[in-house]
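Participant: To start, I am sharing the structure in question, which I have written as structure tokens.
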Amino acid sequence: MSSVVLRNPNGLSYAVVTLLAGNIAFDALLALIDVRGLLADDPFSFDAAVFGPVDLNVAYGMAFTLFTATGIVFIVWFHRLRRNAGVWAPDVPSRGPGWAVGGWFVPIANLWIPRGIAAEIWRASRPNPHGADGARELTLLNGWWTVWVTGTVVDRIATALFGDADTVSAWTTATWWSLAGYLLNIAAAVLAILVVRRLTSMQHAKATGMIPAAQ
């Protein structure tokens, strides 16, 4: 057993869940704005600067700030779980704890490295780290990752399409992609909340049953 002290992830998990809920609210607002634009008689005369009492420039800025804060806190939580996983089963993770942070920033490879680390955290956090995966055991984790990656790709496509949109048809196509991206992001955030709660619960149960977790 590693000499590294277990760290309690509960507080961080509450922060992550709260921030993810905030992202869901902003994505829902921005999705409604896309719907309003699609229903406009003339998209190019559609005033995208104001949505009722909401100043969209402020809304987009707040959404970006919230997304950034969520990413930072999520990665800190993720790294803490990876460190705990190394205490229980140091031979299960194939990458060091630093990859729980750096893996998110490696171009292209960040589409699969964090998911692999999450799966290893999952295995190390269950009662039998070295047992075979149960049927559909990783369904929640895989579902979250698939939706998140898909949403990320769709967002990038929408951004590129908006950059080239110089006709009503092109603008409408870009907006549909944008709307799809927001809906996928909402679904990914909901699944992420479930993953955070499940992994945190698994580690809490294992820690309280084996070694007192550090506060």
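Participant: How many residues are free of Cβ contacts under 8 Å to residues at least 40 places away in the same chain and out of contact with any helix residue (DSSP H, G or I) (no Cβ under 6 Å at 6 or more places or on another chain) if we restrict to the range 153-172?
Facilitator: 10
Participant: Considering the range 112-136 alone, what residues qualify as being free of Cβ contacts under 8 Å to residues at least 12 places away in the same chain and of a type in the set (D, E, K, R)?
Facilitator: D133, R136
Participant: Of all residues in the range 100-139, how many are within 25 Å of A205 (Cα to Cα) and of a type outside the set (S, T, N, Q)? So that I can check it myself, show each step before the final result.
Facilitator: Within the range 100-139, the subset within 25 Å of A205 (Cα to Cα) is 100-101, 114-139.
Restricting the remaining residues to those that are of a type outside the set (S, T, N, Q) gives 100-101, 114-124, 126-127, 129-138.
Of the residues in that region, 25 qualify.
Participant: Can you report the number of residues in the range 94-119 which are within 17 Å of H79 (Cβ to Cβ) and either crowded, with 20+ Cβ neighbours inside 10 Å or among the aliphatic types (A, V, I, L, M) (or both)?
Facilitator: Qualifying residue count for the region: 9.
Laboratory data are not the source of any read-out in this text; all were calculated from the coordinates shown. On a predicted model such as this, the values are computed, not experimentally measured, just so you know. So basically every Cβ, Gly included, is an ideal-geometry build from the backbone, and we count neighbours across all protein chains shown.
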